[in-house]
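Working notes, beginning with the structure itself.
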């Protein structure tokens with residue numbers, strides 16, 4: 001390989017790293033909305049970019065009680081009365097597309113992007 005080949009390869013690698021950084025870090029922090037759904041119905045939506053301090057949300061479900069904590073860093077299922085505790089073990093979610101799912105209690109918590117913006121990127125290309 002010649003010197004120019006290495007320069008072209010280096011430029012392509014730097015552009016790829018820059019694109020990945022933009023999509024994963026910068027894009028994921030803009031317009032983060034946490035949607036909590038219970039029994040396939042929207043229970044609450046929280047804008048994680050405007051929340052000041054930790055907000056505690058408690059609600060009763062068919063199989064017991066659940067406790068969710070939302071903050072500027074993200075959202076976490078702090079407690080659930082389900083048997084397997086997979087939803088609690090998921091931990092903090094903060095990026096678009098991440099989810100916490102509790103099947104026994106039929107709870108879904110997901111991070112959505114800002115629905116007001118139309119940046120031309122659809123679900124498939126994300």
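The values are calculated or read from the model by the stated rules, or taken from the named source; none is laboratory data. For clarity, every value in this text was computed on a predicted model and none was experimentally measured. Ideal geometry is used to build each Cβ from the backbone, glycine not excepted, and the neighbour counts take in all protein chains shown.
Just a few scattered comments:
- Scanning the range 90-106 for residues that are surrounded by 16 or more Cβ atoms within 10 Å (Cβ to Cβ) and within 15 Å of the chain's Cα centre (by Cα) yields 90, 93, 94, 96, 98, 100.
- The single condition among (1) without any contact (Cβ under 8 Å) to a residue 12 or more places away in the chain; (2) touching a helix residue (DSSP H, G or I) at 6+ places or on another chain (Cβ under 9 Å) that residue 94 does not satisfy is (1).
- Of residues in the range 97-114 being in a loop (DSSP other than H, G, I, E, B) and in contact (Cβ under 8 Å) with a residue 60 or more places away in the chain, the one nearest to residue 60 (Cα to Cα): 105
- Residues within the range 104-126 that are modelled with pLDDT under 90 and either at negative phi or in contact with a strand residue (DSSP E or B) (Cβ under 6 Å, 6 or more places away or on another chain) (or both), tallied: 16
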